[in-house]
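Heads up: the structure comes next, in structure tokens.
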Amino acid sequence: MESAFSLISLLAWLQAKHFAADYLLQPGWVLRGKGDLHHPGGYAHAAIHVAGTIPGLLLFGLDAKTVTLLAVAEFLIHYLIDHVKAVHSHLYPVAMTTRAYWASHGADQLLHHLTYTGILVVAT
């Protein structure tokens with residue numbers, strides 16, 4: 001039971017971190033930088049996610065090598081998901097009031113949370 005509690009606690013940490021990084025810690029320059037490989041915004045955003053994940057992984061008791069591997073993987077995956085969404089949104093702009101917008105937003109969030117499922121699998 002203790003390991004289940006630890007795993008659920010790590011998941012809760014990752015979800016709370018995700019909310020903070022995706023909804024509270026994105027100034028305009030970060031938002032504008034997604035989708036542009038030459039702009040630091042997308043990289044900064046992915047780094048903020050990783051910076052929030054690392055303490056949770058350490059508290060979970062993972063070794064430095066595993067934490068490093070997961071941090072690099074999360075950075076790359078998060079950046080790629082956001083980059084593809086930003087490019088797609090630029091090529092096919094839709095109003096926030098449309099089903100297409102919310103389907104795209106939901107798919108983006110689903111992919112991020114599935115990344116956390118992968119982190120939990122590696123962590124166990």
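The values are calculated or read from the model by the stated rules, or taken from the named source; none is laboratory data. Keep in mind the model is a prediction, meaning the values are calculated, not measured. FYI the Cβ positions are ideal-geometry reconstructions off the backbone, even for glycines, and counts take in every protein chain you see. For accessibility, only protein heavy atoms count, side chains too; no ligands or nucleic acids. Shrake-Rupley method; radii C 1.70, N 1.55, O 1.52, S 1.80 Å.
Couple of notes before you dig in:
- Selected from Pro55, Pro93, Pro40 as most flexible by GNM, with the chain as the system and alpha-carbon contacts under 10 Å: Pro93
- Helix 2-19 axis, angle to the chain major axis (alpha carbon atoms, nearest 10°): 20 degrees
- Radius 15 Å from Cβ of Ala100, net charge of other residues (Lys, Arg +1; Asp, Glu -1): +1
- Protein heavy-atom accessible surface, 1.4 Å probe, per residue over the chain: 61 Å².
- Fraction of accessible area attributable to carbon and sulfur, the chain (%, probe 1.4 Å): 73 percent
- For region 1-51, diffusion coefficient by Stokes-Einstein and Kirkwood Rh (Cα), 20 °C, 1.002 mPa s, µm²/s: 177 µm²/s
- Projecting the Cα atoms of Thr53, Gln26, Val121 onto the charge dipole of the chain, computed from C-beta unit charges around the Cα centre, puts Gln26 farthest toward the positive end.
- Structural descriptor for the chain: relative contact order 28 percent, calculated from alpha carbon pairs under 8 angstrom and at least 6 residues apart.
- Reference-scaled alpha-carbon Rg (2.2 N^0.38 Å with N residues) for the chain: 1.11
- Rounded to whole Å, the principal axis extents of the Cα atoms in region 50-122 read 44, 17, 17, largest first.
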